[in-house]
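Colleague: If you scroll down you'll find the structure; I have some questions about it.
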Amino acid sequence: MGYELARVSALIGLVLVALLGAVAVASPAMSPGHLPIQVGTHVGKESVVVVDGDNLWSISEGHLVVAFDRAVDDEEVWPYWRRVIATNSGDLRSGDPDLIYPDEVVVLPATDR
């Protein structure tokens with residue numbers, strides 16, 4: 001049930017973004033629980049809407065698993081996670097990469113593949 005609530009919450013967020021005039025384009029390529037979108041000043045870059053329980057490491061790892069189509073190890077995740085932090089540092093509501101909130105948009109930089 002928690003998974004379904006997270007999906008519904010993400011979809012409601014997309015509808016609100018669309019109604020408020022920002023660009024929102026859904027893509028089914030990410031792992032369940034993350035809904036990639038293009039939004040606001042980051043149009044053209046892939047993004048995810050944060051759901052309860054997410055952190056930048058889990059988002060980074062999940063994105064790499066999908067991008068590489070295989071399991072990834074910490075040595076592969078670490079440099080990408082640092083890039084995710086750098087890309088989003090000025091846009092996080094808390095200003096702290098260790099504290100992200102549901103419905104925040106996290107921009108995902110390009111992968112090495």
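The values are calculated or read from the model by the stated rules, or taken from the named source; none is laboratory data. Values in this document were obtained by computation on a predicted structure and should not be read as measured data. Virtual Cβ from ideal backbone geometry, glycine too; neighbours counted across all protein chains shown.
Colleague: Just for region 71-95: of the residues that are in a loop (DSSP other than H, G, I, E, B) and not hydroxyl-bearing (Ser, Thr, Tyr), which one is surrounded by the fewest Cβ atoms within 10 Å (Cβ to Cβ)? Before the answer, list the steps.
Modeller: Of the residues in region 71-95, the ones in a loop (DSSP other than H, G, I, E, B) are 71-73, 89-95.
Remaining after also requiring not hydroxyl-bearing (Ser, Thr, Tyr): 71-73, 90-93, 95.
Working: 71: 9, 72: 16, 73: 9, 90: 7, 91: 14, 92: 19, 93: 11, 95: 9.
In this case the residue turns out to be 90.
Colleague: Let me ask something else. Residues of region 64-79 being in contact with an Asp or Glu (Cβ under 8 Å, 6 or more places away or on another chain) and closer than 16 Å to residue 107 by Cβ, which ones?
Modeller: The answer is 64, and nothing else.
Colleague: Let me ask something else about it. Which residue pairs have Cβ atoms closer than 6 Å, lie 6 or more positions apart in sequence or on different chains, and pair a first residue in region 48-62 that is closer than 12 Å to residue 84 by Cβ and surrounded by fewer than 23 Cβ atoms within 10 Å (Cβ to Cβ) with a second residue that is of a type in the set (Gly, Ala, Ser) and modelled with pLDDT under 95?
Modeller: Taking only residues 6 or more apart or on different chains, the pairs are 62/31.
Colleague: Here is a follow-up. Counting just the residues of region 96-113 that are part of a loop (DSSP other than H, G, I, E, B) and of a type in the set (A, V, I, L, M, F, W, C), which one comes out farthest from residue 46 (Cα to Cα)? Talk me through it step by step, then tell me what you get.
Modeller: Going residue by residue through region 96-113, those that are part of a loop (DSSP other than H, G, I, E, B) are 96-104, 109-113.
This time we only want the ones that are of a type in the set (A, V, I, L, M, F, W, C), so: 99-100, 110.
On the way: 99: 21, 100: 18, 110: 8 Å.
By that ranking, first place goes to 99.
Colleague: In addition: Among the residues of region 90-109, which ones are among the aliphatic types (A, V, I, L, M) and touching a residue at least 24 places away in the same chain (Cβ under 8 Å)? Steps first, please.
Modeller: Step one: filter region 90-109 for residues among the aliphatic types (A, V, I, L, M), giving 92, 99-100, 105-108.
Residues satisfying the conditions are 100, 105, 106, 107, 108.
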